[in-house]
Amino acid sequence: MSMIIKLLGLQELEIEITGLEKALTDARGKLGESPALQKAKADAAAAETSYRQLSDRQKELEWQSEDIDTKLKNVNEKLYSGRVSNPKELTSLQLEAGLLSEKAAGLDEKALDVMEKMEAADQEFSQAAAGLTQAESAWHVEQQGLKQEIDNMQQKIAILEEKRAKSADEISPEALQLYQRVKMQKGVAVARVAHGTCEGCRISLSTAQLQRARSGSLERCANCGRILYGE
């Protein structure tokens with residue numbers, strides 16, 4: 001096997017390793033809570049907060065209503081007990097009773113409105129909680145799949161690294177140094193020759209270069225400097 005074919009094989013192994021390493025990094029980046037799960041948690045938390053706030057408001061209205069009822073009961077007792085005979089005081093009590101009754105009616109309307117909103121909020125929370133359960137289930141499945149995928153890629157990379165090391169051992173130090181130097185400069189060290197053109201830079205090659213490249217010698221493109229592989 002010619003040296004250029006060995007270099008090409010080494011390059012193909014390294015390209016495959018690089019691709020797997022990128023995929024491995026991407027897969028690792030997906031570990032942890034997904035955007036869908038984060039949104040489901042936020043929706044459930046928001047729905048729970050909304051329901052809790054309405055529940056607190058309902059209790060507050062109940063306390064206010066109880067306070068008004070107590071005051072109205074006391075006023076009515078004074079008003080109808082017969083103990084108060086002063087006309088001005090009776091008028092004042094009647095006025096106070098009327099105001100308290102209006103407040104009680106207003107509180108009842110507010111309580112009814114809050115109750116209706118609580119029913120809607122409770123339904124929203126139930127839906128959000130169900131959505132969170134589904135999102136968590138899907139996330140667990142996804143995470144298990146990612147972990148398995150990561151494990152498989154790590155194993156493949158380890159196997160390819162062994163192949164790469166063996167492949168590099170079969171290449172002469174001079175050729176390997178040239179390969180590494182061109183790779184650092186160009187990213188891809190070996191360029192195929194197709195239709196008399198270097199595929200690395202798309203520039204046509206001279207007849208002499210084509211002949212040397214096809215002979216298996218380590219011929220470099222006169223334009224880009226890559227090592228030419230001519231089939």
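Values in this text are rule-based calculations from the coordinates and carry no lab data. Source: prediction; values computed, not measured. As a convention, Cβ positions derive from the backbone with ideal geometry for all residues, glycine included, and neighbour counts pool all protein chains shown.
Return the pairs, sorted by first residue and then second, in which the second residue is among the small types (Gly, Ala, Ser), the first residue lies in segment 162-181 and is over 17 Å from Ser217 (Cβ atoms), the beta carbons are less than 7 Å apart, and the residues are 6+ apart or on different chains.
Note: pairs meeting the criteria are Ser167/Gly9.
Which residue is farthest from the chain's Cα centre (by Cα), if the candidates are limited to segment 40-80 and must be touching a residue at least 40 places away in the same chain (Cβ under 8 Å) and exposed (fewer than 14 other Cβ atoms within 10 Å of the Cβ)?
Out of the qualifying residues, it is Glu62.
Within segment 107-149, how many residues are of a type in the set (A, V, I, L, M, F, W, C), in contact (Cβ under 8 Å) with a residue 40 or more places away in the chain and over 30 Å from Asp26 (Cβ atoms)?
Qualifying residue count, segment 107-149: 9.
Is it the case that some residue within segment 114-137 is small (Gly, Ala, Ser), in a helix (DSSP H, G or I), within 30 Å of Leu54 (Cα to Cα) and over 24 Å from the mean Cα position of the chain (by Cα)?
Looking through segment 114-137, at least one residue is small (Gly, Ala, Ser), in a helix (DSSP H, G or I), within 30 Å of Leu54 (Cα to Cα) and over 24 Å from the mean Cα position of the chain (by Cα).
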